[in-house]
1. Among the residues of segment 64-97, write down those that are in contact with a Lys or Arg (Cβ under 9 Å, 6 or more places away or on another chain) and either touching a residue at least 60 places away in the same chain (Cβ under 8 Å) or part of a loop (DSSP other than H, G, I, E, B) (or both).
2. Collect the residues in segment 33-61 that are in contact with a Leu (Cβ under 9 Å, 6 or more places away or on another chain), surrounded by fewer than 16 Cβ atoms within 10 Å (Cβ to Cβ) and among the polar types (S, T, N, Q), keeping them in residue-number order.
3. Restricting attention to segment 142-199, which residues are outside any helix (DSSP H, G or I) and of a type in the set (A, V, I, L, M)?
4. Being closer than 20 Å to M133 by Cβ, modelled with pLDDT of 95 or more, in a helix (DSSP H, G or I) and among the aliphatic types (A, V, I, L, M): is that true of V18 here?
5. What do you reckon, is S143 out of contact with any Phe, Trp or Tyr (no Cβ under 8 Å at 6 or more places or on another chain) and among the polar types (S, T, N, Q)?
6. Hey, does segment 88-95 have a residue that's under 22 Å from M159 (Cβ atoms), surrounded by fewer than 12 Cβ atoms within 10 Å (Cβ to Cβ), over 18 Å from the mean Cα position of the chain (by Cα) and of a type outside the set (S, T, N, Q)?
7. So is K19 closer than 21 Å to R115 by Cβ, touching a residue at least 12 places away in the same chain (Cβ under 8 Å), surrounded by fewer than 17 Cβ atoms within 10 Å (Cβ to Cβ) and among the basic types (K, R) or not?
8. So, of the residues in segment 150-187 that are over 13 Å from the mean Cα position of the chain (by Cα) and closer than 28 Å to K19 by Cα, which turns out to be surrounded by the most Cβ atoms within 10 Å (Cβ to Cβ)?
Amino acid sequence: MSEKTILKLQLPTDPLWVKNVVESNIEEILTDHAFCEQKAASNAITLIVQNPGLSDLVREMAALVQEEMDHFKRVHDIILERGYTLGRERRDDYVNELRKFVAPGGTREAQLLDRLLLSAMIEARSCERFKVMSEHIDDKQLSEFYHELMVSEATHYSMFIRLAKKYCSNLDVDKRWKEFLDYEAQVIKNYGKGETIHG
């Protein structure tokens, strides 16, 4: 899978991140990953609360909440299997920087568009990181696990883009997505060195 053709991300993660950071910080990575799944579920719940009248969105977010919490449980199970315990939640500086690009105010439709595209961006980068981990980590269990989740994250990314085009049809979704991609390309330059999924 090419990130440029499918995810449209402009900067790939250096595989050395897996060798130099991930493999020596497995417990940290797993804890951060578990909380990423929990935050994704929380985001889906917030979208439901904010948009109860958008039936397709509510239905898809309800399914997403279940899937993300299942992923959380699976990551937590791996943590326990390896004799670790779930650590405290890590601050996600990457996501916080992306949030700065969400336009304040504006119409309800514009706010929804930015929320959906922010969600799509996080899923796209997570997918790309899982792909790099699955291909380069020297751990068979985690390699297979992250390959499976890579496919799942790609589906989530596509879903958020599809919902944006369905519910924000009065806006130029493709133009705004391109702006998000350009912004993310600047943000991600500062990451790929830490022991978190987006670090």
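1. Answer for segment 64-97, where residues must be in contact with a Lys or Arg (Cβ under 9 Å, 6 or more places away or on another chain) and either touching a residue at least 60 places away in the same chain (Cβ under 8 Å) or part of a loop (DSSP other than H, G, I, E, B) (or both): E89, D92, Y94, V95.
2. If the condition is that a residue be in contact with a Leu (Cβ under 9 Å, 6 or more places away or on another chain), surrounded by fewer than 16 Cβ atoms within 10 Å (Cβ to Cβ) and among the polar types (S, T, N, Q), then Q50 is the only one that fits.
3. Hits for segment 142-199 are L171, I197.
4. Yes; evaluated as a whole, the condition is true for this residue.
5. yes
6. Among the residues of segment 88-95, not one is under 22 Å from M159 (Cβ atoms), surrounded by fewer than 12 Cβ atoms within 10 Å (Cβ to Cβ), over 18 Å from the mean Cα position of the chain (by Cα) and of a type outside the set (S, T, N, Q), which makes the answer no.
7. In short, no.
8. V187
The values are calculated or read from the model by the stated rules, or taken from the named source; none is laboratory data. Owing to the predicted nature of the structure, the values given are computational and were not obtained by experimental measurement. Because the Cβ atoms are built from the backbone with ideal geometry, glycine has one as well, and the counts that use them run over all protein chains shown.
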